Amino acid sequence: MLIITKINKFILDILFPIKCISCGKENEWLCESCQARIKIRDEHVCGICERVITPDGRTCLACKKIANKKSQGGAIDGFIVASSYLQFPIASAVHLFKYRFIRDLHIPLGNLLVRVLQKTEIPLPDIIVSVPLHHRRLRWRGFNQASLLAKHLAMNLLTHNIIPFDEDLLIRNRHTSPQMRISDYKFRKLNIADAFSILPNSDIKNKTILLVDDIATTGSTIFECAKVLKAAGAKEVFAIVVARQETGA
Ligand SMILES: [Zn+2]
Ligand SMILES: [Zn+2]
């Protein structure tokens, strides 16, 4: 490490000491024993209606039918929510990760995704893809939180192999207002419609894709991405998020 980097790190460590947000143990944002105590979901529901319990959060038959009718190509095949916003310290970890720019938190949160996925029976993805950020937001945050999580998954889901990971496959065409700020469900859907496309000349025909995001609210971002992936020929699209935020809608 360069001496200047070392000094910078030293000063930062004094100003903002790294402590486990759960137990206060030094030098880690979320220590291993606190990570192990986070309860993961062992029962999943259909990601669209959120009412029917299905294996690995697969889309229930009724929702599939409606999606097909709307010619959304059956859109999402399964939606896995790793934990709950109410499960301490998920909400604080996500908040620090996204809004306090603590990028190292992608490791414990990514580990959580690995833990959940290893318990499911969804097919091994051919590609892991992250929900993209608009470049304005990317510049503001300095990193795409979904992309860090997706990469961690790609590197750690299998013990001896790496799963191909593509953070550029999906493109966000325009800046959309952050979903959290829009309380009306209808407007959330309008806000996100046609916001994504696929990188030209990408071949995803017959591929099984795992889509990664940090948090979902109504799920419209995930559904919209799945729709675009399916339209480009993907065989199956599954999604995983750390938690789903209650909308109260
Ligand atoms: Zn701890
Ligand atoms: Zn359903």
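The values are calculated or read from the model by the stated rules, or taken from the named source; none is laboratory data. Because the structure is predicted, anything quoted here is derived from the model rather than measured. So basically every Cβ, Gly included, is an ideal-geometry build from the backbone, and we count neighbours across all protein chains shown.
Among the residues of region 214-230, write down those that are aliphatic (A, V, I, L, M) and in a helix (DSSP H, G or I).
Here is the first cut: in region 214-230, the ones aliphatic (A, V, I, L, M) are 215-216, 222, 226, 228-229.
Result: ILE222, ALA226, VAL228, LEU229.
Using the structure shown, decide if PHE97 is on the phi > 0 side of the Ramachandran plot and among the hydrophobic types (A, V, I, L, M, F, W, C). So PHE97 does not fit the description; no.
Is one or more of the residues making up region 39-58 acidic (Asp, Glu) and within 11 Å of ligand 2 (Cβ to nearest atom)? Within region 39-58 (the criterion being acidic (Asp, Glu) and within 11 Å of ligand 2 (Cβ to nearest atom)), the answer is yes, since at least one residue qualifies.
Each row is one residue, and each column tells you yes or no for (1) within 16 Å of ligand 1 (Cβ to nearest atom); (2) at pLDDT 95 or above; (3) more than 26 Å from GLU224 (Cα to Cα).
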| residue | (1), (2), (3) |
| --- | --- |
| GLN35 | yes, yes, yes |
| ILE53 | no, yes, no |
| VAL81 | no, yes, no |
| SER84 | no, no, no |
| PHE88 | yes, no, yes |
| ILE107 | yes, yes, yes |
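The requirement of being of a type in the set (D, E, K, R) and at pLDDT 95 or above is fulfilled nowhere in region 93-102; no residue meets it.
Residue-level analysis places ILE66 among those that are away from ligand 1 (no atom under 14 Å from the Cβ), surrounded by fewer than 19 Cβ atoms within 10 Å (Cβ to Cβ) and under 17 Å from VAL237 (Cβ atoms).
If we scan region 27-37, do we find a residue that is outside any helix (DSSP H, G or I), in contact (Cβ under 8 Å) with a residue 60 or more places away in the chain and either under 18 Å from the mean Cα position of the chain (by Cα) or surrounded by fewer than 18 Cβ atoms within 10 Å (Cβ to Cβ) (or both)? Even if it seems obvious, please write down each step before you answer.
Within region 27-37, the first condition is being outside any helix (DSSP H, G or I), and the residues that meet it are 27-31.
With in contact (Cβ under 8 Å) with a residue 60 or more places away in the chain added as a condition, the list becomes 29-30.
Next, only the ones that are either under 18 Å from the mean Cα position of the chain (by Cα) or surrounded by fewer than 18 Cβ atoms within 10 Å (Cβ to Cβ) (or both) stay: none.
Checked against the condition, which is being outside any helix (DSSP H, G or I), in contact (Cβ under 8 Å) with a residue 60 or more places away in the chain and either under 18 Å from the mean Cα position of the chain (by Cα) or surrounded by fewer than 18 Cβ atoms within 10 Å (Cβ to Cβ) (or both), region 27-37 yields no hits at all.
Checking each residue in region 163-200 for being modelled with pLDDT of 90 or more, assigned to a loop (DSSP other than H, G, I, E, B) and polar (S, T, N, Q) picks out no residue at all.
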